[in-house]
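I have placed the structure first, in the form of structure tokens, so that the comments after it can refer back to it.
The values are calculated or read from the model by the stated rules, or taken from the named source; none is laboratory data. All of these numbers come straight from a predicted model, not from anything done at the bench. Note that each Cβ is placed from the backbone with ideal geometry, even for glycine, and that neighbours are counted across all protein chains shown. The accessibility values were calculated without ligands, DNA or RNA, using every heavy atom of the protein model including side chains. Shrake-Rupley method; radii C 1.70, N 1.55, O 1.52, S 1.80 Å.
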Amino acid sequence: LIEENIQEGVSSDKTLEQLGAMAVGYTQQFITDLQNPPNAPSTVKKKGSSNPLIDTGNLRQSVTYTIADKMPEEGL
């Protein structure tokens, strides 16, 4: 994407927005697809899923991105 955007003259701000959206999508898909380690049978019975990262869906829905002008002080 970066190389293509450079060749097409897409602004760096637009490229960062696209990369952020892609990262969110890939992360959400990873959360959805994860099956290992599976939940214990008792947990599957309780929540109806063997996916260890999905219970209510709040985690997946909360994935977002921010474009910052400087390095964050924490969170890397």
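With a 1.4 Å probe and all protein chains left in place, how much accessible area per residue does the chain have, in Å²?
82 Å²
Full-extension gain between Val44 and Tyr26, please, as 0.36 nm times their residue separation minus the C-alpha to C-alpha distance.
Stretched out fully, the Val44 to Tyr26 stretch lengthens by 4.0 nm.
For the chain, which longest stretch is free of loop sites, where a loop site is one of the GluC sites (Glu not before Pro) that DSSP puts outside H, G, I, E and B and that has at most 15 other Cβ atoms within 10 Å?
1-72
Could you tell me which label, among (i) 0.97; (ii) 1.15; (iii) 0.92, carries the value of Rg/Rh (Cα atoms, Kirkwood Rh) calculated for this structure?
Among (i) 0.97; (ii) 1.15; (iii) 0.92, the one derived from this structure is (ii).
Where the only charges are on Cβ atoms (+1 Lys, Arg; -1 Asp, Glu), what is the dipole of the chain about its Cα centre, to the nearest 20 debye? Mind dumping the intermediate values first?
Working: 6 positive and 10 negative charges, 147 e Å.
I would put it at about 700 debye.
By how many nm would the segment from Ser62 to Ile6 grow when fully extended, if each residue of separation counts as 0.36 nm and the alpha-carbon distance is taken off?
Computed gain between Ser62 and Ile6 is 17.1 nm.
Output the relative contact order of the chain, whole-number percent, from Cα pairs under 8 angstrom with separation of 6+ residues.
Taking the mean separation of contacting Cα pairs over the length of the chain, I get 29 percent.
Roughly how far apart, in whole Å, are the Cα centres of the stretch 55-76 and the stretch 16-46?
14 Å
Given a Förster radius of 30 Å and the C-beta distance between Met71 and Gln18 as r, what FRET efficiency does 1/(1 + (r/R0)^6) yield to the nearest 0.05?
In this case the efficiency is close to 0.90.
Hey, if you put +1 on the Cβ of every Lys and Arg and -1 on every Asp and Glu Cβ in the chain, which of Ser62, Asn5, Gln18 ends up farthest toward the positive end of that dipole?
Of the options given, the answer is Ser62.
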